[in-house]
Amino acid sequence: MLRNQTKILYGGDYNPDQWPQDVWREDMRLFKLAGIDIATINVFSWALNQPDEQTYRFEWLDDVMDMLRDNGVRVCLGTGTAAHPAWMARRYPDVLTVDSQGRKRKFGRRHNSCPNSPSFREFSRRMASGLAERYKDHPALLLWHVNNEYGWRCYCDNCERAFREWLKSRYGTLEELNRAWYTSFWGHTFYDWDEIVLPSHLSELMDASNIDKTAFQGISLDYDRFNSDSILACYKLERDAIKAVIPDAVVTTNFQSNGTYKPLDYFKWAKELDVVALDSYPTNDMPMSLIAMRHDLMRGLKGGRPYMLMEQSPSQLNWKDVNPLKRPGVMRLWSYQAVARGAESIMFFQLRRSAGAFEKFHGAVIDHAGHEHTRVFRECAELGRELERLGDRLLGAKTAAKVAIVFDWDNWWAIEHSSGPTERLKYLEQIQKYYDAFYERNVQVDMIGTESELGGYELVVAPVLYMAKRGYAARLEAYVAAGGTFVTTFFSGIVDENDRVTLGGYPGELRKLLGIWVEETDALFPGQTNAMEMHGGGASGLEGTYSCGLLCDLLHPEGAETEAAFGGDFYRGMPALTRNRFGGGEAWYIASDPEEAFLAAFFARLAERKGIRPIAELPAGVEASVREKDGFRYTFLLNHRAEPVPVDLGGESRLELLSGSRMSGAATLPAHGVFILQSPADETEERSGFAEWAATT
C-alpha cells in the first residue's frame with residue numbers, strides 16, 4: 001500500500017503540542033511498549049504554526065519529527081488546516097461559513113471554513129507548500145494527511161458565485177440548465193446566470209429542520225454535487241502544493257461517518273487520493289454488518305485496493321448520549337474486522353488522552369493515568385505484538401467476490417430530495433438490508449459505483465436504482481446479455497441524472513432489460529403490509545408467502561416471468577417478483593420492500609444457481625472474510641458474540657496465524673475471538689466450507 005511498508009501500520013493521532021516535552025519522552029517509551037510505529041501529527045496546529053499572516057513557527061514540529069525518527073516511528077504529517085486560526089476569522093471574514101438559514105458563523109469549533117473562500121484557499125495552500133518544503137527530506141515522513149474529516153455546507157455569497165460558475169461549466173447555456181432543472185414549473189425560468197441563488201432555507205428548502213426537503217430537486221441535487229466538488233477542490237489545492245515540492249508524496253485525507261458520509265461523493269473523491277483512509281467509530285449496540293459494509297465500501301472506492309483505518313477508538317467514545325467502554329477483546333476484534341476486509345493500517349484517535357476540552361473523555365492508548373498499567377494499554381500492546389508477528393504476510397492481499405452491490409451518492413441525494421411517494425424511503429437503509437442478506441451467510445461482497453466494471457461478477461444487485469445515469473442501462477444490458485444476473489427493486493429507473501422523469505413509463509431506460517412496465521406505485525403507512533405469494537416451482541425456487549411494505553409497484557410483464565404476486569389490496573394478483581431472460585443472463589425485479597427472510601432465502605437460491613458459495617458455514621454472530629495473496633487464502637473468523645462458540649474447521653490441518661498453532665476439526669472460537677486460517681488458494685475449489693481445503697505445507 002505504501003512504499004517501504006513491511007507490516008500493517010499501527011499507531012494513530014498524536015498531539016504533542018498539547019503537552020510539555022517531558023511527557024513526549026514518556027510517550028516514546030510507551031509507544032515502544034505498545035508497538036506503535038506510525039503517528040499522525042499536526043492535524044489541528046494551524047494557529048500554533050502560523051500566529052499571523054506572515055509568520056510561521058515550525059520549531060516545535062521539527063523537534064517532534066526528529067524525536068519520532070529517533071524512536072523508529074514513521075510520520076503521517078497533517079497539514080493542520082482543519083481549523084483556521086482566530087486571527088484569520090477576524091481579519092478575513094470571508095473564511096467563515098454561512099448556514100442554510102443565512103446566518104454567518106463566528107470563529108469556533110472546527111470545519112468552519114468556507115470552501116470557496118479565496119482567503120482560506122490561499123492560506124491553506126501556502127501552509128501545505130511550506131510544510132512540504134520544510135520536511136521534504138525528513139526520513140520519518142511516510143505520508144501526508146490533508147485537513148481532517150472534510151465535510152460541511154456553506155451558503156455564502158462566495159459559494160453562490162462559485163455555484164454559478166460550476167453550473168456554466170456543467171450546462172454551458174441557460175437554455176440547457178432550464179431544460180435540465182425543469183424550470184417551467186412554478187415559473188422558475190432563468191434568463192441571466194446572476195438570477196440563480198443557492199437552494200437554502202431562504203429560497204428552495206421547505207422544512208426548517210430538513211435540508212433534504214426541497215421545492216426543486218434538480219437545483220438541490222446540483223448543489224450537493226457542487227458542494228462535494230468545492231470541498232474536493234480544497235483538498236486538491238493542498239495535495240497539489242505538496243506534490244509540486246515532493247512529486248512522489250503519498251497524500252490522503254480521512255473519510256468520516258464510518259465511510260457513508262452523505263455530503264461528499266467518496267467515489268469521486270477516491271480518484272484524487274493516493275490511498276483511501278477511513279475513520280470508523282462503531283457503537284456497542286451497532287450491528288457489525290453495518291461496519292462490515294462500510295469497510296467493503298472503502299475497499300471498493302478504488303477498485304479493490306487496500307485502504308487505511310486512519311481512526312478508531314481504543315475504547316470509549318465521547319459524543320453519544322451514553323458512551324460505554326469497549327468490552328475486553330472488542331477493540332482487537334474490530335481491528336481485525338478491518339484487516340479482514342482490506343485495511344492495512346490500524347490507527348487510533350488518540351494515542352494520548354487530551355487533558356481538556358471536547359475530547360478529554362474520548363478513549364486513548366495512553367489514559368489520563370499516564371502509564372502502561374491499564375486494561376486498554378495492555379490490549380493495545382498485545383495487538384501491537386500480534387501485528388509485528390504477522391509482518392507483511394497480509395500486505396497487498398486481495399479480496400475476490402462474485403457478488404457486487406451498487407452504491408451511488410447521486411442516487412442517495414436524489415432519492416432523499418424526492419417529494420414522493422414516501423419520506424420513509426431511505427437509501428442507506430435499503431443498501432444495508434440487501435448487504436445483510438449476504439453478510440449473514442458469509443458471502444463475500446464488493447461495493448461498487450456506477451462507473452465500476454461489472455464483468456467479473458456473477459451477480460450484481462442495485463437496490464432502489466432510482467436514477468439511471470446516462471449510458472448505465474446500456475452497460476447493465478451488456479452485462480446481463482453476456483451471462484450476468486442483475487437484481488434491482490421498486491422505485492428504479494425513474495429519473496435521469498438531472499432528476500427529470502424518464503417519460504414513456506417506468507422503469508424508464510431499464511424497461512427493456514427488466515421486461516416490465518410499472519404503471520403506479522403505492523405507498524404504505526407505517527405498520528401496513530402486503531404479501532408476496534410465491535409461485536412454487538419457479539426459477540426462484542421459493543414457496544410460501546412473505547410480508548412486504550413501504551412501497552408496492554403495480555407492474556405489467558413485457559416478456560418477464562412472474563415469480564410472485566401481491567396477496568392483498570386492489571392489486572392482488574399483480575406481479576411482485578419478476579424474472580426476465582435477457583441474452584445469456586437474467587434480470588430480476590423486486591416490486592416491494594420485502595421482509596429480511598425473503599431476501600435471505602431468495603439470494604441463497606440465486607447464489608446457489610450461480611455457484612456462489614459461502615466462505616464457511618458458521619454459527620450466527622460469527623463473521624467470515626477472505627483475502628488472498630501469493631497462492632494462499634487467509635480466512636478470518638470473527639466472533640462478535642460475548643461467549644465462546646464452537647466451529648468446525650474440517651479435517652485438514654491449517655495454520656492459525658495469531659496463535660501460530662495448527663488447527664483442524666472441532667474448535668472453540670473465544671468470546672470476541674479471532675482466527676486467521678492460512679490455506680492454499682485454489683480458484684477451482686468449491687468453497688462450501690472448510691472440509692475440502694488442502695493442508696498448508
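The values are calculated or read from the model by the stated rules, or taken from the named source; none is laboratory data. Keep in mind that what you see is a predicted model, and the values were worked out from it rather than measured. Cβ coordinates were reconstructed from backbone atoms using ideal geometry, including for glycine residues, and neighbour counts include every protein chain displayed.
Values computed for the structure shown
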| quantity | calculated |
| --- | --- |
| Any pair with Cβ under 7 angstrom, 6 or more apart, that starts in the stretch 654-682 at a residue that is closer than 16 Å to MET331 by Cα and ends at one that is surrounded by 14 or more Cβ atoms within 10 Å (Cβ to Cβ) and of a type in the set (S, T, N, Q) | PRO670/ASN639; ALA671/ASN639; HIS672/ASN639; GLY673/ASN639 |
| Residue within the stretch 41-64 that is in contact with a Phe, Trp or Tyr (Cβ under 6 Å, 6 or more places away or on another chain) and of a type in the set (Gly, Ala, Ser) present | no |
| So ILE219, is it in contact with a helix residue (DSSP H, G or I) (Cβ under 8 Å, 6 or more places away or on another chain), modelled with pLDDT of 95 or more, crowded, with 21+ Cβ neighbours inside 10 Å and among the β-branched types (Val, Ile, Thr) | yes |
| Of all residues in the stretch 629-640 being surrounded by fewer than 16 Cβ atoms within 10 Å (Cβ to Cβ) and touching a residue at least 12 places away in the same chain (Cβ under 8 Å), the one that is farthest from LEU290 (Cα to Cα) | GLY631 |
| Residues that are assigned to a loop (DSSP other than H, G, I, E, B), touching a Lys or Arg at 6+ places or on another chain (Cβ under 7 Å) and aliphatic (A, V, I, L, M), drawn from the stretch 269-279 | VAL276 |
| Pair list, Cβ under 8 Å, 6 or more apart: the stretch 118-139 residue over 21 Å from ALA39 (Cα atoms), other residue among the acidic types (Asp, Glu) and surrounded by 14 or more Cβ atoms within 10 Å (Cβ to Cβ) | PRO118/ASP94; SER119/ASP94; PHE120/ASP94; SER124/GLU238; ARG125/GLU238 |
| From the options LEU555, LEU551, LEU513, residue that is touching a residue at least 60 places away in the same chain (Cβ under 8 Å), within 19 Å of ARG581 (Cα to Cα) and not in a loop (DSSP other than H, G, I, E, B) | LEU513 |
| Contacts under 6 angstrom Cβ, first residue in the stretch 44-61 being surrounded by 12 or more Cβ atoms within 10 Å (Cβ to Cβ), partner among the aliphatic types (A, V, I, L, M), 6 or more apart | PHE44/ALA82; PHE44/ALA83 |
| Test: residue in the stretch 348-361 that is assigned to a loop (DSSP other than H, G, I, E, B), polar (S, T, N, Q) and modelled with pLDDT under 95 | no |
| Counted residues, the stretch 570-599 - those being within 28 Å of ALA474 (Cα to Cα) and not in a strand (DSSP E or B) | 5 |
| Which listed residue, of GLY573, GLY527, GLY537, GLY559, is touching a Gly at 6+ places or on another chain (Cβ under 7 Å), surrounded by fewer than 21 Cβ atoms within 10 Å (Cβ to Cβ) and over 30 Å from PRO646 (Cβ atoms) | GLY559 |
| Top-ranked residue in the stretch 171-199 [being touching a Phe, Trp or Tyr at 6+ places or on another chain (Cβ under 8 Å) and among the aliphatic types (A, V, I, L, M); ranked as surrounded by the fewest Cβ atoms within 10 Å (Cβ to Cβ)] | LEU174 |
| Hits in the stretch 66-92 - residues which are out of contact with any Pro (no Cβ under 9 Å at 6 or more places or on another chain), surrounded by fewer than 15 Cβ atoms within 10 Å (Cβ to Cβ) and over 26 Å from VAL251 (Cα atoms) | ALA86, ARG90, ARG91 |
| Among the residues listed as ILE448, ILE405, ILE431, the single one being farther than 29 Å from ALA681 by Cα and either in contact with a Ser or Thr (Cβ under 9 Å, 6 or more places away or on another chain) or surrounded by 24 or more Cβ atoms within 10 Å (Cβ to Cβ) (or both) | ILE431 |
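Each row is one residue, and each column tells you yes or no for (1) outside any loop (DSSP other than H, G, I, E, B); (2) aromatic (Phe, Trp, Tyr); (3) free of Cβ contacts under 8 Å to residues at least 24 places away in the same chain.
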residue: ILE242; (1), (2), (3): yes, no, no
residue: ASN258; (1), (2), (3): yes, no, no
residue: PHE267; (1), (2), (3): yes, yes, no
residue: TYR281; (1), (2), (3): no, yes, no
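Results for (1) modelled with pLDDT under 95; (2) part of a helix (DSSP H, G or I); (3) under 30 Å from ASP27 (Cα atoms); (4) touching a Leu at 6+ places or on another chain (Cβ under 6 Å), shown as yes or no for each residue.
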position: CYS380; (1), (2), (3), (4): no, yes, yes, no
position: LEU387; (1), (2), (3), (4): no, yes, yes, no
position: ALA400; (1), (2), (3), (4): yes, no, no, no
position: GLY420; (1), (2), (3), (4): yes, no, no, no
position: TYR434; (1), (2), (3), (4): no, yes, no, no
position: GLU453; (1), (2), (3), (4): no, no, no, no
